[in-house]
Amino acid sequence: MSEQNAIIQLAERLGVLPAYQDFNGQHRPTNEATARALCAALGFDVLNEEDALAHIASLEAEHAARIAPREKILRAGEPSQIDLDRAAHWTLYLEGETQSSATGSGDVVDLPPLPLGVHRLSVEAAGGEETVWLLSAPPAAPSLSELTDASRVWGVTAALYGLRSSRNSGMGDYRDLGDMAAALGAQGAAFLGVNPVHPIGAASHPSMVSPYSPTHRGFLNPWHIALDGMEPFCGAAKSVSGAGDTGGELADYQAAASVREPALAAAFAAFEALDANHSVRTSYDAFAAEGGPSLRNFALYEALSLRHGPDWRAWPEELQDRRSDAAQEFARNAGGELTFHIWLQWVASEQIGAAQTAAKDSGMALGLYLDLAVGAVPGGAETWTDRQGHAFGATLGAPPDQFGDEVQGWGLAPLSPRGMAAQGYQNFARLLRGAMSHAGAVRIDHALGLGRSFWVPDDGSPGAYVSYPMESLLAIIAIEATRADVLVIGEDLGLVPDGFRERLAEAGLYGVDVMQFARGAAGGLPEPHEVRRHSVASFGNHDTPTIKGYFWGRDLDWRVKLGHLDEPGRDWVNGERVALRSDLGETPDDWTKRIHADLARSEAELVAVQLDDLTGEVEQQNLPGVVDEHPNWRRRAGLTVEEAPSSIALRDIGAVMRDAGR
């Protein structure tokens, strides 16, 4: 066996795919450099053939020694059996419990009907103790008809940071979210979808603004706390904030922070002055207790990041491990600081919960439609608090596709397939739980990652796909969605493997149909009957041009300006769009009305229209592939929250949707 074959063989055993087919149909094999880099990212350093062969032998020996499977997916509420390779004593522990639920001996484990959850089976034999994770799941995540009385609904997507009101501090907050949802619910909308509301960087680093580059996906962004919604601390906050819209067409994160930070500090001081038996303190204490070690570790990261910066990899070495003596000593001496960051999460949770209540009270069938980003930044809170569950030495990305000839590196840390499995996927479940706790629907960004993710090695070698335990992750999604009564959308755009969309649909996840990316049988935009039923259909999303911007080629203008596209390329693409728009009408209003009418009449169970299209915006929220050259994640809405209840545009879209039976 050659060195290359041994290294690649090890990579394949660890889940690295030997090759993939790119968008143009070209076969792309995984080379030795990539295999070596990804083995290291998966925890297996390989310098030569001997290293690879030793790791392979160790994996084989480990597998041969086991008498029980590492995990088992079970149907919740039904009895089941697990076959062991030889007789052993076993003990069952239900999720969250330390006392055994059942015990037995033999080479067959007869399990009683188990409730929803991830339970633990401890198997003891001569070789030691083995853990079998039992994923007790329903057959699928809940469907729209199971969660609501409707079979076809519609809603609006918007940028939370871009919501405008006379009372916010220059960027949208959780009170704006509830008020806008209520205005849309009055017009018959079933949901209001927004960008991820995960925390972005440390509190002291408002220059890090992409909601898709969070520090931790299990918590909330305190930047969106409504300063006038912190009862009973509003007076203290207002006395130092002078809260009010800082103005401008673009969100000014620095200006908003200058208003927000002293107001939050004053409100926290008022909170600390409350009597220990005050109802507000009691509510906070319950929240902190429920959050447990995960919440406290996140608060510890936040406190440390204010001293040492947002990337823990650049911290003093003794603080890079949260379990170190130095980190724990800091925690003991920084009780008030940790309490502050836990308090921020409590306030944010209370406020987004109130927004969901306002949405549902307005008649929305689902309410808030939140987004789970595909990954967290490598040096952020999520990786610091869960080193085992993440891979290091590579970042998530995508191979060249129809939107670009270069490998895309997203700068996000991959979840480790082996690390997740070792902890019974509890880290993944916690992330889902955080996103689902105040939502009626949750979109999983880049759901292709449930089956395979494209990893880009840090050393510059070509990327490759790494497989993930898709069935196990789908089981976890079904468990958490059923517990939370939440609809799940899997964003399935990109290089989609055969059968992937069908499997997601079987598991209860709704797909995403974006009209800009599709063509109907006649060559134009898809006809209503050509849209998938089990999907959320829209014309575009935050990464694409608005309706006006698309047909005017505004995104192409940006690409030419930035040197990403030449004039002939622009003219070719724009020519196709001009031909498409000729079927829709003569004016931008005609295009928008026709597209929204077609969406309303489509087969899709859910339809999403963008607030930016309803207000006639030309510029898009995000231009993928650039950071500072385009004002990404800063554009503010063309409609204020106060104007929304009387908006003719919102009234008209409600009528269009009702006329189509939504």
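The values are calculated or read from the model by the stated rules, or taken from the named source; none is laboratory data. Note that this is a predicted model, so its numbers are computed, not measured. Counting neighbours? That spans all protein chains shown, and the Cβs are built from the backbone with ideal geometry, glycine included. Areas reflect the complete protein model, heavy atoms only, side chains present, ligands, DNA and RNA absent. Shrake-Rupley method; radii C 1.70, N 1.55, O 1.52, S 1.80 Å.
Charges at C-beta only: +1 for Lys and Arg, -1 for Asp and Glu. How large is the resulting dipole of segment 474-514 about its Cα centre, in Debye rounded to 20?
Using Cβ point charges on Lys, Arg, Asp and Glu, segment 474-514 gives about 120 debye.
Calculate one ³J(HN,Hα) per residue across segment 107-112 by plugging θ = phi - 60° into the Karplus curve 6.51 cos²θ - 1.76 cosθ + 1.60, and present them in order as whole Hz with x for glycine and proline.
9, 10, 9, 8, 9, x
Determine how large the accessible area of S283 is when every protein chain is in place; take a 1.4 Å probe and give Å² rounded to the nearest 10.
My reading of the accessible area for S283 is about 40 Å².
What's the local net charge at L487, with K and R +1, D and E -1, over the other residues with C-beta under 10 Å away?
So the surrounding residues net to -2.
Per residue and in cubic angstrom, what volume does the convex hull of the Cα atoms of segment 456-561 have?
Dividing the Cα hull volume of segment 456-561 by its residue count gives 184 Å³.
Give the residue list of GluC sites (Glu not before Pro) in segment 342-443 that are DSSP loop and have at most 15 other beta-carbon atoms within 10 angstrom.
When the GluC sites (Glu not before Pro) of segment 342-443 are filtered for loop state and at most 15 Cβ neighbours within 10 Å, E406 remain.
Calculate, for segment 1-81, the solvent-accessible area per residue in square angstrom, rolling a 1.4 angstrom probe over the heavy atoms of the protein chains. Don't jump to the answer; show the numbers that get you there.
Numbers: 4470 Å² over 81 residues.
That works out to 55 Å² per residue.
For the chain, compute Rg over Rh where Rg is the Cα radius of gyration and Rh is the Kirkwood radius from the inverse mean 1/r over Cα pairs.
Values: Rg = 25.6 Å, Rh = 26.5 Å.
That ratio equals 0.97.
Could you provide, to the nearest whole Å², the per residue accessible area of segment 469-552 with probe 1.4 Å? Show your work: numbers first, answer last.
Details: 2890 Å² over 84 residues.
Each residue of segment 469-552 exposes 34 Å² on average to a 1.4 Å probe.
Hey, any idea what % of the chain's accessible area is carbon plus sulfur with a 1.4 Å probe? Walk me through the intermediate numbers first.
Details: 13210 of 26900 Å².
C and S fraction of accessible area: 49 percent.
Taking K548 as the anchor, which lysines have their alpha carbon closer than 20 Å to its alpha carbon, excluding any fewer than eight residues away along the same chain?
Correct list for K548: K561, K593.
Ranking request for peptides 311-320, 210-219: highest mean number of other beta-carbon atoms within 10 Å first, then the rest in descending order.
Per-residue Cβ counts within 10 Å, averaged per peptide and sorted highest first, yield 210-219, 311-320.
Two decimals is fine: what is log10 I(q)/I(0) at q = 0.12, 0.15, 0.21 Å⁻¹ for segment 245-385, from a Debye sum with one equal scatterer on every Cα and no solvent?
Here log10 of I(q) over I(0) equals -0.66, -1.00, -1.37.
So for the chain, taking the charge dipole from beta-carbon charges (+1 Lys/Arg, -1 Asp/Glu), which of H55, V466, V156 sits furthest toward the positive end?
Towards the positive end, the residue furthest out is V156.
Taking a ≥ b ≥ c as the square roots of the Cα gyration tensor eigenvalues, with a/c under 1.5 meaning rounded and otherwise prolate when a/b beats b/c, else oblate, which class fits segment 328-413?
Note, shape of segment 328-413 comes out oblate.
Stokes-Einstein at 25 °C, 0.890 mPa s, Kirkwood radius from Cα pairs: D for segment 111-227 in µm² s⁻¹?
It comes out at roughly 134 µm²/s.
If you put +1 on each Lys and Arg Cβ and -1 on each Asp and Glu Cβ, how big is the dipole of the chain around its Cα centre, in Debye rounded to 20?
Result for the chain is approximately 1020 debye, rounded to the nearest 20.
What ranking do 503-516, 59-72 get when scored by the average of other Cβ atoms within 10 Å per residue, highest first?
Descending mean neighbour count gives 503-516, 59-72.
Expressed in nm to one decimal, what extension gain is obtained for the pair R313 and A33 from 0.36 nm per residue of sequence separation less their Cα-Cα distance? Walk me through the numbers on the way to the answer.
Values: separation 280, 0.36 × 280 = 100.80 nm, distance 2.44 nm.
That pair, R313 and A33, stretches by 98.4 nm at full extension.
Which whole-number percentage describes the relative contact order of segment 42-127, with Cα contacts under 8 Å and a sequence gap of 6 or more?
Relative CO of segment 42-127 lands at 28 percent.
When the dipole is taken about the Cα centre of segment 224-383, and only Lys, Arg (+1) and Asp, Glu (-1) are charged at their Cβ, what size is it in debye, to the nearest 20?
The calculated dipole for segment 224-383 is roughly 140 debye.
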